[in-house]
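Starting off with a structure, shown below.
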Amino acid sequence: MATREEVLALRAAVAQREEELNSLKQKLAAALLAEQELEPERRVPVSPLPPKAALSRDEILRYSRQLVLPELGVHGQLRLAAASVLIVGCGGLGCPLAQYLAAAGVGRLGLVDYDVIELSNLARQVLHEEALAGQAKAFSAAASLRRLNSEVECVPYAQALTPDTALDLVRRYDVVADCSDNVPTRYLVNDACVLAGRPLVSASALRFEGQITVYHYDDGPCYRCIFPQPPPAETVTNCADGGVLGVVTGVVGCLQALEVLKIAAGLGPSYSGSLLLFDALRGHFRSIQLRKRRSDCAACGERPTVADLQDYEAFCGSSATDKCRSLQLLSPEERISVTDYKRLLDSGAPHVLLDVRPQVEVDICRLPHALHIPLRHLERKDRESLKLLREAIQEGNGDTQEGTAVYVYVICKLGNDSQKAVRILQSLTAAQELDSLTVQDIAGGLMAWAAKIDQTFPQY
Amino acid sequence: MAAPLSVEVEFGGGAELLFDGVKKHQVTLPGQEEPWDIRNLLVWIKKNLLKERPELFIQGDSVRPGILVLINDADWELLGELDYQLQDQDSVLFISTLHGG
């Protein structure tokens with residue numbers, strides 16, 4: 001049995017090691033940052049990879065399990081070693097994709113991502129680690145991949161893919177993987193691939209679903225053949241709003257890696273001209289047949305109108321990021337800041353605080369004094385919800401003078417839905433379905449509350 | 001007079017959220033003078049299945065950009081799009097394309 005002294009000594013040793021580990025992690029983060037600062041100067045001119053004639057003894061051992069596959073064999077492995085793949089986006093899809101491509105021995109990986117690592121990325125972006133929060137994803141991914149396979153050349157590009165840079169970059173690689181998270185980038189990557197004549201393996205995921213297909217391979221369709229018009233910006237949901245399960249991006253990113261490997265090894269893809277739908281909740285895979293290449297396609301048709309890269313943000317009416325959009329529906333007088341609301345709350349002024357987030361988000365965190373009615377209930381004028389609201393208003397009214405309008409403050413996560421809710425409440429008042437009230441929304445929502453007023457309030 | 005048709009209508013990729021989150025709908029289209037095509041199926045869906053915000057599903061007399069229509073697992077473009085005449089036991093899938101990554 002261990003004595004008390006032994007326990008204490010072990011505790012001390014553990015604490016010391018933890019301190020050492022922390023200091024190492026900090027040094028690593030600093031080193032990565034320094035590397036990042038150097039990078040723009042380096043601007044590695046990427047020359048084509050030379051064909052590889054033979055595998056070394058180490059390579060034979062390393063790749064032995066895939067070398068004995070007759071479909072791949074030494075010939076396929078040599079092709080992988082001479083292949084280069086441009087990965088657009090080092091997030092939920094890009095991480096597993098890059099990981100498997102590096103492990104399989106693809107010669108060169110270009111890693112594009114303008115974004116930095118956030119804590120909310122780690123549940124699905126599996127190449128990045130806690131200690132590197134705040135660092136560029138492209139560098140973090142490259143460092144991680146080098147640890148996995150030092151033979152693979154990793155070229156990080158910690159910048160956005162833009163119409164100015166895309167074509168030159170795409171031309172330096174054999175295959176392109178679209179792992180991006182927004183519509184303008186998807187059109188940009190497609191057009192660059194068509195202009196440069198590169199096959200594009202494209203995947204996407206949201207909630208419990210994923211989609212994957214191969215564009216512009218042989219005589220197959222390109223993205224614009226299938227989607228000549230971009231979707232209206234308000235119909236596009238990002239992972240922050242819609243949610244996504246990490247393993248779903250993992251499965252889809254791995255399928256995408258498989259398509260890239262088959263193209264690079266000369267086996268040919270399975271999903272050119274077809275789209276694989278993955279429904280993780282039901283456990284369904286479903287492959288659907290897509291249309292042929294369109295002769296009137298603006299990008300790959302017989303008389304293309306896309307002769308060079310355009311302004312894709314203007315074309316799509318949305319920005320080339322997946323950051324949440326901030327809506328400007330209300331005038332400044334119809335809004336209140338979190339600071340002013342806090343002051344009002346502290347003064348004890350009678351009012352109703354209305355939280356319009358979906359139930360699932362209220363379960364994560366809430367302000368205890370808020371009345372909860374989801375925006376969707378207000379939109380469909382749900383009877384039960386309006387009754388609750390009327391009661392809350394009457395209760396709030398008890399303390400105010402007869403005839404004065406009751407104050408209702410509407411809050412949501414970021415201050416977008418709350419503006420829509422204000423408009424709905426105003427129209428309900430005008431239609432005399434609600435008593436006279438003064439309604440404002442709290443700008444920036446609960447995330448501004450968490451950032452500026454209450455540091456213990458969760459952010460999500 | 002076209003006979004009533006039994007058709008499976010399915011939504012995915014988030015489009016089901018406009019239909020109370022229900023993905024699969026087994027529906028019976030009543031007998032009518034004209035044959036059922038996708039154009040009047042959309043009108044029927046808007047009237048009978050769509051729960052909210054029709055502008056996120058319909059644009060003009062077609063679906064909004066970004067929704068793929070698949071008839072028996074094939075792109076509707078291969079089958080005449082809005083003019084495709086529905087057959088009994090057809091399956092029609094409306095899939096909203098995803099952009100997240």
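I'd like to know if region B:43-59 contains one or more residues that are surrounded by 13 or more Cβ atoms within 10 Å (Cβ to Cβ) and over 23 Å from residue A:237 (Cβ atoms).
Step one: filter region B:43-59 for residues surrounded by 13 or more Cβ atoms within 10 Å (Cβ to Cβ), giving B:44-45, B:49-54, B:56-59.
Cutting the leftovers down to over 23 Å from residue A:237 (Cβ atoms) gives us B:44.
Yes: one or more hits.
For region A:149-203, name all the residues that are part of a helix (DSSP H, G or I), of a type outside the set (Ser, Thr, Tyr) and within 23 Å of residue A:116 (Cα to Cα). Explain how you work it out, then say what you get.
Initial filter on region A:149-203 (part of a helix (DSSP H, G or I)): A:166-171, A:183-196.
Next, only the ones that are of a type outside the set (Ser, Thr, Tyr) stay: A:166-171, A:183-184, A:186, A:188-196.
Hits for region A:149-203 are A:166, A:169, A:170, A:183, A:184, A:186, A:188, A:189.
If you don't mind, there's one more thing I want to ask. How about region A:288-300: which of its residues are free of Cβ contacts under 8 Å to residues at least 60 places away in the same chain and surrounded by 14 or more Cβ atoms within 10 Å (Cβ to Cβ)?
First, the residues of region A:288-300 that are free of Cβ contacts under 8 Å to residues at least 60 places away in the same chain: A:288-289, A:295-296.
Correct list: A:288, A:289.
Which one of these is more than 30 Å from residue A:418 (Cβ to Cβ), of a type in the set (Val, Ile, Thr) and at pLDDT below 95: A:305, A:321?
On the way: A:321 fails: more than 30 Å from residue A:418 (Cβ to Cβ).
Among A:305, A:321, only A:305 is more than 30 Å from residue A:418 (Cβ to Cβ), of a type in the set (Val, Ile, Thr) and at pLDDT below 95.
Please go through region A:427-449 and pick out each residue that is assigned to a helix (DSSP H, G or I) and at pLDDT below 95. Quick ask: steps written out before the conclusion?
Our first condition is that a residue be assigned to a helix (DSSP H, G or I); within region A:427-449, this holds for A:427-430, A:445-449.
A:427, A:428, A:429, A:430 - these are the residues of region A:427-449 that are assigned to a helix (DSSP H, G or I) and at pLDDT below 95.
Take residue A:275 and decide whether it is within 24 Å of the chain's Cα centre (by Cα), more than 30 Å from residue A:117 (Cβ to Cβ) and modelled with pLDDT of 95 or more. Show your work before the answer.
On the way: within 24 Å of the chain's Cα centre (by Cα): yes; more than 30 Å from residue A:117 (Cβ to Cβ): yes; modelled with pLDDT of 95 or more: yes.
For residue A:275, the condition - within 24 Å of the chain's Cα centre (by Cα), more than 30 Å from residue A:117 (Cβ to Cβ) and modelled with pLDDT of 95 or more - is met.
Only one of A:142, A:158 is in contact with a Cys (Cβ under 7 Å, 6 or more places away or on another chain) and crowded, with 21+ Cβ neighbours inside 10 Å. Can you tell me which? So that I can check it myself, show each step before the final result.
Numbers: A:158 fails: in contact with a Cys (Cβ under 7 Å, 6 or more places away or on another chain).
Selected residue: A:142, the only one of A:142, A:158 that is in contact with a Cys (Cβ under 7 Å, 6 or more places away or on another chain) and crowded, with 21+ Cβ neighbours inside 10 Å.
The values are calculated or read from the model by the stated rules, or taken from the named source; none is laboratory data. This one's a predicted model, so the numbers in the text were calculated from it and none came from an experiment. Every residue, glycine as well, gets a Cβ built from its backbone with ideal geometry; the counts of neighbours run over all protein chains shown.
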